[in-house]
Amino acid sequence: RTGSGKAYFHAKKRKANRGDSDSDSSSDEDRLKPKLKTSHVAAVEKTTSFTVKCMPDYRRRKMKFVDFIVKEYPALAEELIYELTPEQMADPRRHYHKATHDFYFQKLPASVLQSFLSSQWKDKEKGIKYTFDHLRKYHDAILKCAEFSPYNLPRSYGIEMRPYLDNLEKELADAKSDGKVTEQDADPICFGLYKQLCIWAVMTGRVFVWVFLVLQWNLMARPMNVDGISFQNFWANGDSVVFKYNTNKKDRKGANTTEKHCYANPENPFICLFLALGCYLCIFQQKFDR
């Protein structure tokens, strides 16, 4: 008994010493923590709050969900939604963009979003539903917007949404085989229309429209990818011009972006990338000199 008592005494003493050590280290950290300049704090916050470029779309989708709740469940809206103040909307860390309301995410039940998703129609009269990818982005928007909110989603949200999304994907796959799901949200531009747009841009003197359109076609790129192209993103290589993005939608760090080789079209000058790019650089050379 004496031995066990001694062991207990020493263990208790060690535990107390460990507690003292923890408190001392935390107080030391507080003393050593520097008071940063306001400009430096702002710079750090800008870096730590950096997010994907699709946040405006996420906020837009979230606001559509907000409108649904206000219209269909007004009593629930008072409990789940709050209006943003001008100070909150101006906070760069929250990335509200044009959003005017936000959720108390800790109160948001998955069943409300499920009701919203299941009631979305591309053409209700014809029974045409949206694609699964289109509807899934509303769920993605809730997850991403919650990351920048002071309120966290409940653990039950993810648990309940997982099987629902699996079943929704299966349901829409069956509806697609019956022709009841829209294949895409926008029709692609055919080659004939692309050529006519290029001819129109040249004949009306819209050189920027011309080069932007030709770059999109040759790079098979979205507008935001073409918009980010600068002199560092392309160079000559033999009989081609090589383009490489800094980042893309799936690679925000830019570690695995690939090079794209583009060539001249001597058969049709209206759709020739070399001619369009050369005309643009020559006409706006004073702009680049600055």
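With all protein chains in place and a 1.4 Å probe, the accessible surface of the stretch 87-181 carries 48 percent carbon and sulfur.
Tell me the per residue accessible area of the stretch 138-290 using a 1.4 Å probe; a whole number in Å² is fine. Before the final figure, lay out the partial values.
On the way: 9970 Å² over 153 residues.
Here the residues of the stretch 138-290 average 65 Å² of exposed surface.
Once every Cα of the stretch 130-207 carries one equal point scatterer and solvent is ignored, give the base-10 log of I(q)/I(0) from the Debye formula at q = 0.13, 0.17, 0.20 Å⁻¹, two decimals. Those come out to -0.66, -0.79, -0.91, one per q. Counted residue by residue at 0.36 nm each, then reduced by the alpha carbon distance between them, the extension gain from ASN237 to LEU36 reaches 67.6 nm.
Stokes-Einstein, applied to the Kirkwood radius of the stretch 58-103 over Cα pairs at a viscosity of 0.890 mPa s and 25 °C, places its translational diffusion at 224 µm² s⁻¹.
By its C-alpha gyration tensor, with a ≥ b ≥ c as the square roots of the eigenvalues, how is the stretch 194-290 shaped: rounded for a/c under 1.5, else prolate for a/b larger than b/c, else oblate? Could the numbers behind the result be given before it?
Working: a/c = 1.63, a/b = 1.49, b/c = 1.09.
Because a/c hits 1.5 or more and a/b exceeds b/c, the stretch 194-290 counts as prolate.
Using a 1.4 Å probe on the protein heavy atoms, what percent of the accessible area of the stretch 211-285 belongs to carbon and sulfur? Don't jump to the answer; show the numbers that get you there.
On the way: 2650 of 4650 Å².
Roughly 57 percent of what the probe reaches on the stretch 211-285 is carbon or sulfur.
Spin-label pair TYR73-VAL44: with each label point 7 Å from Cα along the Cα-Cβ axis, the two points sit 4.0 nm from one another. Binning the C-alpha pair distances of the stretch 53-152 at 10 Å intervals from 0 yields a P(r) profile of 14, 49, 29, 7, 1 %, listed from the shortest bin outward.
The values are calculated or read from the model by the stated rules, or taken from the named source; none is laboratory data. Keep in mind it's a predicted model, so treat the numbers as computed, not measured. Here the Cβ is made from the backbone with ideal geometry for all residues, glycine too, and neighbour counts use every protein chain on show. Accessible surface areas use protein heavy atoms only, side chains included; no ligands, DNA or RNA. Shrake-Rupley method; radii C 1.70, N 1.55, O 1.52, S 1.80 Å.
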